[in-house]
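Input: a single structure, listed below in structure tokens.
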2 protein chains.
Amino acid sequence: MTVRHLSESTEMYLKAMVELSDHEMVMVPRLAERLGVTPVSANEMVRRLGEQGLVSHTPYKGVNLTKKGREAAVNVLRRQRLWEVFLHDHLKIEWSHIYEYACSLEHATAPEVTEALAAFLGDPKTCPRGNPIPATDGSFKPLEGISLGELKTGDKARILAVNATATDVLQYLQERDILPGRELRVVEVAPLQGPLTLEVGSRITALGLSMAEFVIVKLIKS
Amino acid sequence: MTVRHLSESTEMYLKAMVELSDHEMVMVPRLAERLGVTPVSANEMVRRLGEQGLVSHTPYKGVNLTKKGREAAVNVLRRQRLWEVFLHDHLKIEWSHIYEYACSLEHATAPEVTEALAAFLGDPKTCPRGNPIPATDGSFKPLEGISLGELKTGDKARILAVNATATDVLQYLQERDILPGRELRVVEVAPLQGPLTLEVGSRITALGLSMAEFVIVKLIKS
DNA sequence: CTATAAAATAAGGCTAACCATAACATTTTT
DNA sequence: AAAAATGTTATGGTTAGCCTTATTTTATAG
Ligand SMILES: [Mn+2]
Ligand SMILES: [Mn+2]
Ligand SMILES: [Mn+2]
Ligand SMILES: [Mn+2]
């Protein structure tokens with residue numbers, strides 16, 4: 001019954017599932033990509049997670065989290081985002097590095113430490129990448145935003161969150177001032193999956209579609 | 001040349017070696033006890049550590065750290081003790097739990113995080129268990145104290161450090177106010193490895209020899 | 001110097017996560 | 001309906017860390 005200690009790998013699979021698509025089914029090869037393993041390895045792991053009652057897999061349809069799995073996953077998210085706040089606000093670690101470091105610490109954090117950290121930080125509601133921090137009971141309101149990649153030429157929007165995880169991608173975005181809170185305007189959308197041209201604070205930047213997928217925005221004016 | 005990422009297990013073996021006896025040789029079965037593994041497993045691990053140039057093992061004489069191994073070990077100590085300070089002073093985690101929690105976090109802490117944490121904490125010199133915190137370059141002055149088990153009846157001493165690691169042992173000591181900074185007097189030393197009777201702050205406590213070994217004191221008056 | 005205790009090694013096993021390569025099943029596209 | 005693309009499974013590996021049981025080697029105490 002009690003959720004005994006889950007391995008780092010297990011926690012990363014579960015977290016990847018909420019990050020990729022909360023509640024919807026995820027194809028196993030998508031999980032594999034996100035986690036940097038082969039589809040065969042991801043299938044093996046999904047079988048193990050299934051045996052532990054953390055996920056359910058319908059072949060050719062996808063995997064999703066069970067109640068138990070989702071609880072564990074959301075708890076990992078909580079730990080990760082609390083550490084992100086600490087690393088950013090208190091340790092003054094560079095924004096583009098905090099995800100990576102928090103992603104290590106999250107697996108080494110006991111419940112008592114998690115709750116003490118939350119209290120120390122003043123129960124923050126948002127992490128530096130713009131995402132909501134789940135409460136102790138697992139509740140959190142997902143962002144009501146759309147991907148930057150869905151905007152059309154001329155649209156104006158405010159950046160809500162940046163969901164990239166790779167440090168180099170985060171650094172690339174940080175250098176271009178594509179950060180939570182910033183406002184932007186879509187100057188042009190190139191055809192054929194081409195790049196977006198953006199104006200962010202009087203600065204013009206081109207951004208590939210795959211990177212734009214990571215940026216969650218709220219439309220201000222279309 | 002560069003010390004790439006060492007596994008948690010590797011770091012724990014190295015740390016155990018400095019904790020058990022800095023610079024002196026350690027018998028492999030002593031390491032095994034400290035780490036809670038069988039002597040066979042410890043021997044296997046020592047072989048692997050030897051292959052990586054972290055330790056050198058002379059059969060029937062003992063193991064010791066190489067320069068490279070000691071550097072890595074001391075760095076683990078630094079991380080551990082910095083986290084202990086954070087957990088104790090900022091998160092207000094109960095004293096008897098901080099070793100255990102810091103012992104998880106230490107392996108998940110990148111150099112940049114370690115240094116930022118040290119700066120945040122104001123470069124503390126001592127951890128809540130009384131031990132010195134090694135500097136970035138690995139330097140630290142070991143405590144010049146003796147084990148509480150070496151005291152004689154009538155001796156007065158001040159507790160410098162408590163080197164226990166098991167949470168239940170730490171809790172036992174905490175309950176009896178056997179903490180760094182406290183002063184005590186040895187009321188009686190029972191013969192045949194028997195317990196010590198101590199007076200700690202007007203309170204009389206009996207303490208087994210094996211626990212007394214964990215307590216490092218400075219003799220005030222004999 | 002020999003008996004005993006302690007340390008080490010040999011041998012065989014286990015599990016969690018990974019890998020590659022190949023075969024197979026299903027869905028999607030044409 | 002067939003072809004192509006995608007997802008899954010089968011098979012056989014690897015590595016790090018653990019385990020047990022049995023044997024061998026060395027140190028040490030009498
Ligand atoms: Mn992680
Ligand atoms: Mn540890
Ligand atoms: Mn073997
Ligand atoms: Mn197999």
One decimal, nm, nearest first: from B:ASP22 to the same residue in each other copy, label points 7 Å out along Cα→Cβ, the values are 4.9
Pick from B:GLY145, B:GLY194, B:GLY130: which is most flexible by mean-square fluctuation in a GNM of chain B where alpha carbon atoms under 10 Å apart are linked? B:GLY194
What shape does chain A have by the C-alpha gyration tensor, where a ≥ b ≥ c are the square roots of the eigenvalues, rounded means a/c under 1.5, and otherwise prolate means a/b greater than b/c and oblate the rest? oblate
Quick one: angle between helix B:39-51 and the longest Cα principal axis of chain B, in degrees between 0 and 90, rounded to 10, please. 50 degrees
Read phi for every residue in segment A:182-198 and hand back ³J(HN,Hα) as whole Hz from Karplus 6.51 cos²θ - 1.76 cosθ + 1.60, θ = phi - 60°, with x for Gly and Pro. 5, 9, 8, 10, 8, 7, 7, 10, 6, x, 6, 6, x, x, 8, 9, 10
Axis carrying B onto A: which residue of B has the nearest Cβ, and how far, whole Å? B:ALA108, 2
Whenever you get a sec, compute what percent of the accessible area on the protein assembly as shown sits on carbon and sulfur atoms (1.4 Å probe). 54 percent
For chain B, what is the accessible area per residue in Å² when the probe is 1.4 Å? 49 Å²
How many lysine pairs in chain B, separated by 8 or more positions in sequence or lying on different chains, have Cα atoms less than 16 Å apart? 8
Would you mind working out the magnitude of the charge dipole of segment A:71-184 relative to its Cα centre, with +1 at each Lys and Arg C-beta and -1 at each Asp and Glu C-beta, to the nearest 20 Debye? 300 debye
Expected max-MSF residue from B:SER56, B:SER96, B:SER21 in the GNM of chain B (alpha carbon, under 10 Å) is B:SER21
Placing the label point 7 Å from Cα along the Cα-to-Cβ direction, what are the distances from B:THR58 to the equivalent spots in the other copies, shortest first, in nm to one decimal? 6.8
Putting +1 on Lys and Arg Cβ atoms and -1 on Asp and Glu Cβ atoms, find which of A:LEU91, A:PRO59, A:HIS107 reaches farthest to the positive end of the dipole of segment A:1-115. A:PRO59
Tilt relative to chain B, helix B:67-85 - C-alpha long axis, 0 to 90 degrees, to 10: 50 degrees
B:HIS23/A:ARG158 FRET efficiency (R0 51 Å; Cβ-Cβ; nearest 0.05): 0.30
At 7 angstrom along the Cα-to-beta-carbon line, where would the label on B:THR136 sit relative to the other copies? Give the distances in nm, shortest first. 3.8
Could you state the angle between the C-alpha long axis of helix B:95-105 and the longest principal axis of the C-alpha atoms of chain B, as a value from 0 to 90 degrees rounded to the nearest 10? 0 degrees
Accessible area buried between chains B and A, both sides summed, probe 1.4 Å, in Å² to nearest 100: 1600 Å²
In debye, nearest 20: dipole of chain B around its Cα centre with unit charges on the Cβ of K, R (+) and D, E (-)? 460 debye
Karplus-derived 3J(HN,Hα) from phi for segment B:153-158 (6.51 cos²θ - 1.76 cosθ + 1.60, θ = phi - 60°), whole Hz, x at Gly and Pro, runs 3, x, 5, 10, 8, 10
Is segment B:146-219 best put as rounded, prolate or oblate by its Cα gyration tensor, with a ≥ b ≥ c the root eigenvalues, rounded for a/c under 1.5, and otherwise prolate when a/b is larger than b/c, oblate when not? rounded
Measuring from centroid to centroid over Cα atoms, what is the spacing of segment A:170-198 and segment A:1-51 in Å? 30 Å
Where labels lie 7 Å past Cα in the beta-carbon direction, separation of A:ARG48 and A:HIS90 in nm: 3.3 nm
Just how large is the dipole of the protein assembly as shown about the Cα centre, in debye to the nearest 20, putting +1 at every Lys and Arg Cβ and -1 at every Asp and Glu Cβ? 40 debye
Residue among A:ARG48, A:ARG70, A:ARG203 with the largest mean-square fluctuation in a Gaussian network model of chain A, springs linking Cα atoms under 10 Å: A:ARG203
Enumerate the amide H contacts of A:LEU160 below 5 Å, restricted to partners 5 or more residues apart or on another chain; note that Pro and chain-start residues carry no placed amide H. A:GLY181, A:ILE216, A:VAL217, A:LYS218
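The values are calculated or read from the model by the stated rules, or taken from the named source; none is laboratory data. Please read all numbers here as calculations on a predicted model, not as lab measurements. Backbone-built Cβ (ideal geometry, glycine too); neighbour counts: all protein chains shown. SASA here: full protein model, heavy atoms, side chains in, ligands and nucleic acids out. Shrake-Rupley method; radii C 1.70, N 1.55, O 1.52, S 1.80 Å.
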